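Notes follow the structure.
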Amino acid sequence: MLPQVHGHFLRAWVAAMVAMAAMLPGCGPEESPEARVRSVVAAGEAAAEARDLAGLLEHVSPAFRDANGGGPDELKQYLRGYFVMHPSVYLLTRVESVEFPYRDYARVQLKVGMLGREATDPATLDLAADVKEIVLELQLEDDEWKVVRAAW
């Protein structure tokens, strides 16, 4: 059954990463823009591992679009489905680069390893694991970094 689940796993995994990158509201002016963006990624990782759907989606821009044209509603559906299918989520996130093509726009390249236990019999150990490279684009909206685009 894992090959059927893999496509859903991938979508949910990417959705979780996109949302988690938008987790933290803007910080004080003493932090550099790069430090603020890295904090967003770290806080999002923690929220995803805590399976906090509302927290993950709180800072996703209404203008969000993934590489397939999906918006915030599709992202919410993917995350909800992933959390139902995987009662535990463990992430290992590495920020490869943070670029600022514009003052209020950031491009983040991530490498993310994800391990989730599938929701089957609790006595079994059905795991799904993957490593992906993701590019997130964040925009500064009302002094908060919000994810506006994601590609993987």
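Based on what the data block shows, is Glu34 assigned to a helix (DSSP H, G or I), out of contact with any helix residue (DSSP H, G or I) (no Cβ under 9 Å at 6 or more places or on another chain) and modelled with pLDDT of 75 or more?
Answer is yes for this residue.
Please work out if Leu53 is aliphatic (A, V, I, L, M) and at pLDDT below 90.
When the stated conditions are applied, Leu53 does not pass them.
Out of the range 66-104, which residues are of a type in the set (Gly, Ala, Ser) and either surrounded by 12 or more Cβ atoms within 10 Å (Cβ to Cβ) or touching a Gly at 6+ places or on another chain (Cβ under 9 Å) (or both)?
Ala67, Gly70, Gly71, Gly81, Ser88, listed by residue number.
Is it fair to say Glu137 is modelled with pLDDT of 95 or more and within 12 Å of the chain's Cα centre (by Cα)?
yes
Taking the range 101-134 as the search range and keeping residues that are closer than 19 Å to Arg38 by Cα and aliphatic (A, V, I, L, M), which one is modelled with the lowest pLDDT?
The residue in question is Met114.
Across the range 56-99, which residue is farthest from Glu133 (Cα to Cα) among those that are at pLDDT below 95 and β-branched (Val, Ile, Thr)?
Taking the candidates together, the pick is Val84.
For residues that are assigned to a strand (DSSP E or B) and surrounded by fewer than 22 Cβ atoms within 10 Å (Cβ to Cβ), tally how many sit in the range 50-65.
So the count comes out to 4.
The values are calculated or read from the model by the stated rules, or taken from the named source; none is laboratory data. Computed from a predicted model, the values in this text were never measured in an experiment. No Cβ is skipped: glycine too gets one built from the backbone with ideal geometry, and neighbour counts run over all protein chains shown.
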